[in-house]
1. Can you order the peptides 119-130, 180-191, 66-77, 9-20 by their average number of other Cβ atoms within 10 Å per residue, highest first?
2. Which distance in nm do the two modelled labels at Glu2 and Phe221 give, with both placed 7 Å along the Cα-to-Cβ direction?
3. Could you pull out every residue, at least 5 positions away or on a different chain, whose amide H is within less than 5 Å of the one on Gly63? Hs are placed 1.01 Å off N in the peptide plane, and Pro or chain starts have none.
4. Checking the a/c ratio against 1.5 first, then a/b against b/c, what shape does the Cα gyration tensor give for the chain?
5. Please give every one of the lysines within straight-line cross-link reach of Lys22, meaning a C-alpha to C-alpha distance under 28 Å, and leave out same-chain neighbours fewer than 8 residues apart.
6. Computing the accessible area with a 1.4 Å probe over protein heavy atoms, can you report the carbon and sulfur percentage for the range 85-222?
7. Restricting to DSSP H runs of at least four residues, report the calculated mean residue ellipticity at 222 nm for the chain, -39500 (n - 2.57) per run over all residues, nearest 500 deg cm²/dmol.
8. So what are the range 28-108's ellipsoid semi-axes, whole angstrom, largest first, if each one is the square root of 5 times an eigenvalue of the alpha-carbon gyration tensor?
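The values are calculated or read from the model by the stated rules, or taken from the named source; none is laboratory data. On a predicted model such as this, the values are computed, not experimentally measured, just so you know. No Cβ is skipped: glycine too gets one built from the backbone with ideal geometry, and neighbour counts run over all protein chains shown. Quick note on the areas: whole protein, heavy atoms, side chains included, nothing else; ligands and nucleic acids left out. Shrake-Rupley method; radii C 1.70, N 1.55, O 1.52, S 1.80 Å.
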Amino acid sequence: LEKYPFKRYADYIEYPLDEMKKKAADFYAHMKRRRTIREFSDREVPREIIENCIRAAGTSPSGANMQPWHFVVVSDPDTKRKIREAAEEVERDFYTRRAPDYWLEDLAPLGTDENKPYLEIAPYVIVIFTERYSVDDEGSRQNHYYLAESVGIATGMLITALHTAGLATLTHTPHPMAFLRDLLGRPKTNVPYMVLVAGYPADDVRVPDIGKKSLDEIADFI
Ligand code: IYR
């Protein structure tokens, strides 16, 4: 018996080229429709949908397959309120004192400020943690690798999964974020990475009239 078994990759599907081209074009069109929104509806979303989106995120590649992420899905109103209050407190300090003028100028087109009502209104506030290392039952420490890369990919896949399911999202990065670990009772090995708000958009939600760089601007083919 092999110590580290391999198996045939039976799940791979090769599409005919015309189908592959269509899939890539359709996926781009699909992703282009995703917008970050800052006004959410309080409409309920079945938990099963979030569960499968997190399962999808959990398929992400990671350094040595250590899967150094942990997702805390908050729907409890009391916990959402505590997150909102703490986030608004650190953000108030950011917007009124810490942020340099050039930063506030760069944020102006997005219409952000220290008020984060969506942290209470949206049905789900998903707090993503980086697990820096794990500790097994005997107390020995297992290192994790490429933390930022791994958790970044998983977060991107989660955003994509939620969008594909038909939900709107908002990436929120309160700073400093340490309060999230204490508030959610995560161990010291866990460092908050990002807050992802998910739900239906509010009726007639508006978004900033901003665009994305073109392919020419973001890529070179050499
Ligand atoms: N963390 C703050 C400020 C903020 C910073 C950037 I860069 C953004 O793209 C958006 C917001 C907040 O969440 O409001």
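1. Values: 119-130: 22.9, 180-191: 15.7, 66-77: 18.2, 9-20: 7.6.
By packing density, highest mean first, the sequence is 119-130, 66-77, 180-191, 9-20.
2. Result: 3.6 nm between the two label points.
3. Hits under the 5 Å cutoff: Tyr145, Ser150.
4. Details: a/c = 1.65, a/b = 1.15, b/c = 1.43.
Cα axes put the chain in the oblate bin.
5. Hits, sequence-local ones excluded: Lys32, Lys212, Lys213.
6. On the way: 4130 of 8230 Å².
Solvent-exposed carbon and sulfur of the range 85-222 make up 50 percent of the total.
7. Details: 8 runs with 84 residues, N = 222.
Counting only the DSSP helices, I get -11500 deg cm²/dmol.
8. They are 29, 20, 18 Å, listed largest first.
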